[in-house]
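Beneath this line is the structure, given in structure tokens, with notes to follow.
The values are calculated or read from the model by the stated rules, or taken from the named source; none is laboratory data. Just so it is clear, the structure is predicted and the values come from calculations on it, not from any experiment. No Cβ is skipped: glycine too gets one built from the backbone with ideal geometry, and neighbour counts run over all protein chains shown. Note: accessible area is taken over every heavy atom of the protein model, side chains too, but ligands, DNA and RNA are not part of it. Shrake-Rupley method; radii C 1.70, N 1.55, O 1.52, S 1.80 Å.
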Amino acid sequence: MPQMAPINWLILFFVFSITLVIFNVLNYFCFFYSPMKTSQSLNIKLNKLNWKW
């Protein structure tokens, strides 16, 4: 029946939206950054203060 087509489109929209959100959340929380060592972070902070002009 043609009257039911908008409901099907709405269900598809919600399914794909929820899938997109779940995929992005899983990718965000499953990626581990390697922590920087303190000596590297200190060097970066000191280098930012040295202006060569």
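Hey, rough spin-label estimate for residue 24 and residue 8, points 7 angstrom out along Cα→Cβ, what's it come to in nanometres?
It works out to 2.8 nm between the two label points.
Using 0.36 nm per residue of separation minus the Cα-Cα distance, give me the extension gain between residue 17 and residue 32 in nm, one decimal.
Additional length available on full extension: 2.9 nm.
How do 28, 33 rank by accessible surface area computed with a 1.4 Å probe, from largest to smallest?
I get 33, 28, largest accessible area first.
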